[in-house]
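Just so it is clear, none of the values below were taken in a lab; they were calculated from the coordinates. Since the model is a prediction, treat every value here as computed from it, not as a measurement. Counting neighbours? That spans all protein chains shown, and the Cβs are built from the backbone with ideal geometry, glycine included.
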Amino acid sequence: MKIRIAIDLKINRVVKYFILVDLALLAGWGLIEPIFSIFVVQKIAGATLTTVGIAAAIYWLLKSALQLPLANFLDRRRSEKSKLYALIFGLLVLAVSAFSFSLITTITGLYVVQILHSLGFALYVASWPALFSRHLDKDRVSYDWALDSTAAGVSAGVAAFFGSIIANQFGFGAVFVLAAVFSAISAIILFFAPDLVLPRPTTASTKFQDHTPANIGH
C-alpha cells in the first residue's frame, strides 16, 4: 500500500510526509492540552492543582533526562533505519499513552501514564528532527523548517479549540481517544509512505543512503 500526496508545496516528498507526521501528532496532543488540568482535578479522586503540577514535572523532567541519551544512542548508528524505527515506536507509545488517559482513575495511574508520555516524546525528539534535517531541500532549509512550524502551530491551535468543545459535548474520554487516533495516524503515515526514508537496496547487501544536503553545516 502506498500513500501519494498531490499537493505541490515546493518541497520534496520526504519533507512533505514528515510535516504530515508532525501535523497529525500535534493535532492529537493539541486536543488534550486545554482540558488536561481540568480533567485531572475533576475526574481523578483526590487530585488537586498540586497533582497537576507534579504530573507536569514528571513529564518535563523525565523527557529532558531521556532524550539526550536516546539521541546519543541513535547518533552512534549511521543508518537512518534505527532512527525511523525509534520514531515509529515513539509515536505508537504516544498513541497508547493518549488512550491510557481515558482509563485513569487514580493519581498513581496518572503518574505512570505521564512516564509513558515522556518516553514517547523523548523518542520523538531524538529521532524526528534528525530524519527531517537530513532530507531538507537544498537552498530552502529555512522555508522547510518554517513550513513545519506553521503547520504544527495551526494544527495544535485548531485542535486546542476543538478539544475543549469535544470535551464539553462528549466528555474527556472522547478527547483522549481522538488524540490516540491522531498519534496512531502519524505512525501509520511512516508505515505506508513509499520509500520514505529507506531506499530500496540496489545490491545484495542493503545500504542506507545519506540524504544530507552537501551544504548543511558549512
Inset, instruction - Return the inverse of the average 1/r over all pairs of distinct C-alpha atoms in segment 104-185, which is the Kirkwood hydrodynamic radius, in Å to one decimal. - result: 15.3 Å
Legend entry - Over 25 Å [Cα-Cα, segment 1-132], rounded percent: 35 percent
Legend entry - Residues 117, 135 arranged by fewest to most Cβ contacts within 10 Å: 135, 117
Legend entry - Cα gyration tensor of segment 27-85 - equivalent ellipsoid semi-axes, whole Å, descending: 34, 14, 7
Inset, instruction - Determine, from the Cβ-Cβ distance of residue 146 and residue 106 and an R0 of 35 Å, the FRET efficiency 1/(1 + (r/R0)^6), rounded to the nearest 0.05. - result: 0.25
Inset, instruction - Using the number of other C-beta atoms within 10 angstrom as an exposure proxy, rank 145, 29 with the fewest first. - result: 145, 29
Inset, instruction - Take the cross-link list 43/83; 10/63; 16/83 and give me the ones stretching past 26 Å between alpha-carbons. - result: 43/83; 10/63
